[in-house]
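Here's the structure we're looking at; comments come further down.
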Amino acid sequence: MPRVQDDLVAPRGIRRAQEALALVLACLLCLSGCRSASSREPVETPSADIIGPQAIAPTLPSSPAVDRLRARAEQQRTAGAADADSVAGLPPPWEPSSAPLAPDVLVLAQQRLTDVLDAVRARPLVEDPIEPVAVSSEDHDEALRLYARARLALLSQDHDAALNFLEDASRLDPSTAAVWEALGEAQFAAGLRGTALASLERAARLGIDNPRTWSVLGLEALRRRNTDQALRWLTAARDGMGRHTDPAAIAWLEVSLGEILLDMQRLRAGAEMLEQALARMPAAETTAEFRSEYATLVRRRPQITVRIGDAYAWLSEWETAAAAYDRAGAELELELAQPIEDRRIACLERLNRSAEAALVMLEAIQRRQGMVNDAQIAVSRQLAQREPAFADALQTLPEHLAQPTPAQCSRLALLQLAVSGDAPLSDRLALLPPGVPLLSDHVVELIGNLPAPQRRWLAAQALTTARPDDALTIADTLYAGALLSPAELNDMVSDADVLSACVRLRLETPDRRADLLSLAGRAGGLPVAAATAIATGRWDVLPALLSAADQAEAPIRWRTQLAALRPLEAWATWQAWQTNHQPSASQLLEGARIAAAAGEPVPSVDLLLEAQRVDPYLEQAYGLLVTALLTNGADMQSPEAQGALQNLRTRLPGCATLQALTILDLRRQNFNREVVQGTMRLIDRLAAPAAADYTGLLGPWERAHEQGDKALLDESEAWLRARLDPQRPEPGAALAMAHLLALQSRDAEALELLSSPALAGAAAVQRERESLLRSLARTEEADQAAIDRLSHEHLSVIELFELARLHAARGRPVAPTLARLNEVPADIRLTEAEATAMLSLASQLQGRILAAPDDDARAQAAADFVAAAGFGIDHGLPMREPIHRLRLRYAAEQKSTPYTELIRISDQYTQAVGRIGNEAFGETYAVLMQAGRTQDVIRWGVHVVTSLDELDEERWMQIVLPLGSLGTIDTINLAIERLQDRGQLEAAVGAVQNEEAAADQIQTDPRAELCYVLAGVAAARERDTQAILVYQRALEFQPDHPWVCNDYGYMLAEAGRQLDEAERLLTIAYERLPDRASVLDSIGWLRYKQGRFLDQDGLPGALTLLTRAGASAEGGSNPTIQDHIGDTLWMTGDADKARAAWLLAEQFYLERVRAFRTPDERRLPQYTRVQQQLRDVRNKLSAIELKTADPPVAPSAGQRLDKAH
C-alpha cells in the first residue's frame, strides 16, 4: 500500500531512533537476562519533560450556532454510516491519496493477527541450520570448563578474559550453541557489535533456544530491512518470553512487530499488534534497567496510535480510525496535533458526521488561535456548505480567542472569507482584521467569486478605499491572479484613484501625465505617486513628493522614500522611528526589507529574527530570513538557518516556504523532473503567482530539452494550458508558456499566444512578443513596436537602458540616450531590475567595442560603456569585477578622462570587489603609459597600492621604480602625503629600504628615508638630475640624514663639483656613521678628489680612509672601493699595490657582470655601468703591463707622489 507521507506519522529520524534503541534494549536483555518479579522497582509516572505537554482540547464557547452543530452531531451519530454517494468528492485524510486498496492486497490487509502469527510460526525459524561436528570428550570437557570460567569473568566485568576463554572454547568445540551465545554476549560487552551478531547468529543456527538471542537477531534483521526474517525472529522472541519479563521489553518487541506487519501490508494484524503493545505501556512498574526505554515508548505512543488509525482508515473502518486519531490528538503537542485532526475530520466526514467534523474543526481553530492551513480552509469551505451553522460559528469565534498573533488573525480572516462567499461585500470587508496587511489570498477570496469584470473592479476599489495601504497588493492580485485580464484592467483604470495608479505600475504602463501631487494627497497615495514618478522619469516632481512625505507619519515617510529609490533615507527614518516605538511583526518585515535595500544585511537578518519572535506564525518572516541568509553566503546548516527551519516546520508544517526549500534542495541535487513537478505544485497553491515564480521552471525546462525529456515538457505544457483561461489568461503563465514553446522551436505558436487581445496592455508581454518577432526574423516590426512603446518625453531608468540597447542593436548612436541619464538625481539607488537592464546594455556595448570597424567607433563605444556602467555604479548597483575592470580600462583609454575621475573609478572598484585585480592593474598601467600620462599613472599606482587597510607591498615595489626615476617632485610629494594619510609610510619604507640602511640603529624621518630610496633608484638609472632633486627634498625633511648626506655628497664628489658642499655633507655622514665602509669610501674619495692623499694636520687622508673601508667586512669585496684604493695607491707612488688592488676590483666586477644572467637583466642601465667600470679597471691594468702610459686614474686636484715621499 502507499506509505503515509506525513512527517508526524513515519519520519525517517523516528524510525532510525526506534531501531537503534530497540537494539540497545535487546542487548541489555542479553547481558542481564530476564528479570523476575522480585527484581522490579516501582517507577514514577514519567514527568512532563519525558512525555511532552498534554494538549487538552478547549471547550467551545456556547453559542446558538455551536449548539445547533452539537445537536446535529448527535443526530448524525445515531443515524449510522454514510452512503457512498454522500462522501463522494471529499478531500482525502492524507496525501498522496486515499484510493481503495487493490483486491489482492485487501485480502492480506484484512488478515487477523492470530492467523498471521500462526503462518509465521509454521515456518522454520532457521532456514540453514548447522549440523554438529563430533569432537573428543577431552575437548568438549575443556570447552565447558572454559565456558564456566568465562561466565565468572563476565560477572566480574573482566571482558577481555571472558573473550579469551570463549574464543578458545569455540575452537575446541565449535558445535556447542551456548558457547557461541556467551561469546556473542561478551563481544557485545566489549563493543564488538559486528562479530557479536555473527556469533549469536551461529548460536541460533546451532539450535539455541533463547528469546533474548532471537530478539537481538530480529532487530538486526529489521535494521537491514530483511522484514521477513525479522518477523520470524521477533515472533519467536515474543512467544518465548515469560510472564515475568519486563513489560517494556515485550512492548518494544510488539511495536517492532506491529510496524513490520504494517510495512508488509498486513494492516489489521499490525494494528492489533500495536494495540497490544500500547495496552502494556500503562504498567505501574518496570525494572530500573529499562526505565529509559519505557520513557521512549511513552514518548512515541501518539505516533504509534496514529499508525493504528491509518491502518484502519486504509481498511475503510472509519469509526475505529477516528477513535485512534482522537486518542493520538489528545496526547500530542499543539502544532503536532494538526495532521491528526485533519485525519479525524476526514473520517467523520466519511461517516456522514459532518457536524461533529465541524465541531472538531472549530476546536482545532480555537486551539491554534485561528492558524489554519490551506487544506483546512478547503475542508472548511465544504463543511460550511453541508453545515450552515459552521459558518455562523466561525464568525463569532474571534471573540473567544486569547491574544492571537497578527498572522493567526490573518489566516482566520481568510477562513471566514472562504466560508462566507454569499454574504454582502460590506459584511465580508468587515471580517478583515485592522492593522494586519492584506495577502493576495484575501483579495482572491473577496473578489474571485464575483462573476462580472465590472463588479470585480468595483469590489477592488471598495477594498482599496477601506485598506489604502494595501493598494499595491490588491493591484498585483488583480493582475497576477488573473482576476481581470490586462486588457480589462486597461479599460477600467482611471486617471485619479490610487488603485488605478497601482494597476498601471503593475502593467508597467504608468500614466506619464498624471497629476502626481493630487494623487499624493489621497489616502495611501504618496508612496504610489513616488513610485509612479520613478517609473515615468518624472524627476522634477520627486522633491515635492519627498517634501510632502517629510510632513507625514513615519510609516508613510519611509514607504515614500523607499518607493523613490532612497533606501538610505528610508532606513534612517525607520531607525529613528523604532527608538520610540514597539514595531509589529509586519513593521519589522518592512524594516528588514529597507535594511536589505540600504545594503545593511546584518540588521536585516536581526529584524527578521525579531519578527519571527514577535509572531512565530508569520510565514513571510521565515522565507525572507532563509533568503537573506543564503544571499549573505550563510550555510543552510548554520544555527540561524536551522533554528528558523525548525520553527517553520513546527509552526507551519506543509507551508509554501517549506515546499520551496524542498525544491531548492532538489535543485542542488540535480533532480530535474522533481524540481519541475514540485514547482508546478507550488505555483498551483499560490493565489497570485507572479512571472518571477515561473522562472524556477525555465532552467529545468532547458535541461529537459537538452536531455530529450519530451515527456516532462509535454507534462509542463499540459499543466500551463490548464492554467490559461482564454478570457483571462494569467500573464505569468502566458510568458512561461511562450518560453516553453520557443524552447521547442515553436516561435509562431508562442507569438500567437502573446498576441491575444486579453494580454494587450502588459509591457512584459509586449517585450517578450518583440523578442519572438526578432527570432522570427521580423526585426523591423519588433524594433518599431519597441520604439513606439518607448517614444515618450520622460522615461524611467530601465526604459532608457532599453532604448539605448535598441539603438545599439540598430547601429545608431547611444550617447544621446545615455546623456538623458544625467537628469536622474544623484541620490537615487537603483534596484535589481535596473541592474539587469544595465548589464544587458553593457554586454551589447562590449560587443560593439570588439566589433568596431575603426578606432573612432571603438572609442565611442568604450565611452558609452563607461557612461552606462558608471551611471549604474554611481547609483548603487552592485557590479561584478569584469564590469569594474572594463570600465576602468576604457576610462583610462580616453585622454579626456581626468586623473580625479580615474581615482574615483578605482575607489569604487576597490570598494565593490576588495582589490583591483592584477589584470586590471596591468591593463590600466599600460594604457596610461602608452598615452604618455606618466605622472598620472604613477600617482594612480600609488593611490591603488595604498587603497587597502594594509600596503600592497608587491605592487608598491613595482611603483617605486617609475616613482623614483620618472616622478616629479610634486608627484613624490603627493605620494608621501598619500602614504602618510593612509598610515602606510613606515610600511612603504620598510618594504624598499636596503639592508645596509636598515641595519643602522639611527632614527630617521621616514619621509627622508623614502626620498633617499627614490633618489637611489634615479641614480641607478643614471638620472642624476632627478636624483639630486630628490636628495635635496630628502634633506628638507631631515638635514642630517646620514645616508642621504653620504650618497648626495659622493655624487657631488664624483662629479667634481661643489666640493665644499660635498665635504659638508660627507662630514655629517662620517660623524654619524664613522665605521661604515660606504661612508669611509665616500669621504676618502672626496679627499682623493681634493688631492689630500695622505694624512695631514691630524686628519686622515684618502689612503687611510679608503684602506679602512677596504679592510672592513662589507668593503673587502666591493669592486668600487678596491678601484678607489688602486687609484689612490698609484697617486702615492705605489704601483705594485695599486696593481694588486685593481686586480681585486677586476675580479669583483666580473662577478657582478656574471650576476646579470637573462637578456632582460642585461638591458638594465646597471649592467651597462658595471661593464664600463670593468673596462676602466682593465685599461688601468693594461697601462701598467704595457708601461706605455700612466694608468687612466680618476682626476684629482693633487699631483702624483713618488714612492719615497
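Every read-out reported here was derived from the displayed coordinates using simple, explicitly stated rules and does not represent laboratory data. As the structure is a computational prediction, the values presented were derived from the model and not from experiment. Positions of Cβ are generated from backbone atoms using ideal geometry, with glycine treated the same way; all protein chains shown enter the neighbour counts.
Once the Cα atoms of the stretch 723-800 are picked out, what are the Rg and Dmax in Å?
13.0, 39
Using only Cα atoms, tell me the angle between helix 554-563 and the longest principal axis of the chain; keep it within 0 to 90° and round to the nearest 10.
The two axes meet at around 70 degrees.
Tell me, rounded to the nearest percent, the portion of alpha carbon pairs in the stretch 177-249 spaced more than 14 Å apart. Mind showing how you got there, number by number?
Values: 1544 of 2628 pairs.
Considering the stretch 177-249, 59 percent of its Cα-Cα pairs are separated by more than 14 Å.
Of the options Leu1106, Ala782, Val443, report the single residue whose Cα projects farthest towards the positive end of the charge dipole of the chain (beta-carbon charges: Lys, Arg +1; Asp, Glu -1).
Most positive-ward Cα: Ala782.
Would you mind getting the Kirkwood hydrodynamic radius of the stretch 357-432 from its Cα pairs, rounded to one decimal in Å?
12.2
Using only alpha carbon positions, build the gyration tensor of the stretch 893-1017, then give the equivalent ellipsoid semi-axes as the square roots of 5 times its eigenvalues, largest first, whole angstrom. If you can, show how the numbers build up before the last one.
Working: eigenvalues 134, 50, 29 Å².
After diagonalising the Cα gyration tensor, the semi-axes are 26, 16, 12 Å.
Using only the C-alpha atoms of the stretch 1062-1205, find the volume of their convex hull and express it per residue in Å³.
Here the figure is 125 Å³ per residue.
Under 8 Å for C-alpha pairs, at least 6 residues apart: give me the relative contact order for the stretch 748-906, rounded to a whole percent.
16
Regarding the stretch 568-653, what is the average projected area of its C-alpha convex hull, in nm²?
For the stretch 568-653, the mean projected area of the Cα convex hull comes to 5.1 nm².
As I understand it, the value is the acute angle between the Cα axis of helix 1024-1037 and the longest principal axis of the Cα atoms of the chain; what does it come to in degrees, rounded to 10?
70
What relative contact order, as a whole-number percentage, does the chain give when Cα pairs under 8 Å and 6 or more residues apart are counted?
That works out to 6 percent.
Rounded to the nearest 20 debye, what is the charge dipole size of the stretch 162-211 about its Cα centre when +1 sits on each Lys and Arg Cβ and -1 on each Asp and Glu Cβ?
160
If you take volume of the Cα convex hull per residue in Å³ from the coordinates, which of [x] 283; [y] 315; [z] 641 do you get?
Comparing each candidate, only [y] matches the computed number.
Rounded to whole Å and sorted largest first, what semi-axes of the equivalent ellipsoid does the C-alpha gyration tensor of the stretch 678-813 yield via the square root of 5 times each eigenvalue?
Over the Cα atoms of the stretch 678-813, the ellipsoid semi-axes are 28, 17, 14 Å.
What is the ratio of the Cα radius of gyration of the stretch 623-685 to 2.2 N^0.38 Å, where N is its residue count, to two decimals?
Rounded to two decimals, the normalised Rg is 1.13.
Count the net charge of all other residues whose Cβ sits under 13 Å from the Cβ of Gln111, scoring Lys and Arg as +1 and Asp and Glu as -1.
Taking every Cβ under 13 Å from that of Gln111, the sum is -1.
Which value, in Å to one decimal place, does the Kirkwood hydrodynamic radius take for the stretch 1025-1087 when every pair of different Cα atoms is included?
Result for the stretch 1025-1087 stands at 11.2 Å.
Around Leu948, under 15 Å between beta carbons, what's the net of Lys plus Arg minus Asp minus Glu among the other residues?
-3
In percent, how large is the relative contact order of the stretch 568-653, given Cα pairs closer than 8 Å and 6 or more residues apart?
Over the stretch 568-653, the number comes to 22 percent.
Lys1137: which lysines have alpha carbons under 23 Å from its alpha carbon, excluding same-chain residues fewer than 8 sequence positions away?
Lys1089, Lys1180, Lys1187, Lys1203
Taking the chain as the reference, fit the longest principal axis to its C-alpha atoms, fit the long axis of helix 918-930 to the helix C-alpha atoms, and give the angle between the two in degrees, 0 to 90, nearest 10.
Helix 918-930 sits at roughly 40 degrees to that axis.
Based on DSSP H runs of at least 4 residues, each adding -39500 (n - 2.57), what is the mean residue ellipticity at 222 nm of the chain after dividing by all its residues, to the nearest 500 deg cm²/dmol?
After summing the helix terms and dividing by the residues of the chain, the value is -21500 deg cm²/dmol.
Where the only charges are on Cβ atoms (+1 Lys, Arg; -1 Asp, Glu), what is the dipole of the chain about its Cα centre, to the nearest 20 debye?
Computed about the Cα centre, the dipole is about 840 debye.
Name the aspartates and glutamates eligible as straight-distance cross-link partners of Lys895: C-alpha to C-alpha under 16 Å, and not fewer than 8 places from it in the same chain.
Asp855, Asp856, Asp864, Glu923, Asp936
Return His1124, His140 ranked ascending by Cβ neighbour count within 10 Å, so the fewest neighbours appear first.
Final ranking by Cβ density, sparse to dense: His140, His1124.
Return Leu800, Leu877, Leu698 ranked ascending by Cβ neighbour count within 10 Å, so the fewest neighbours appear first.
Ascending number of Cβ neighbours within 10 Å: Leu698, Leu877, Leu800.
Can you sort Met361, Met241 by how many other beta carbons sit within 10 Å, fewest first?
Met241, Met361
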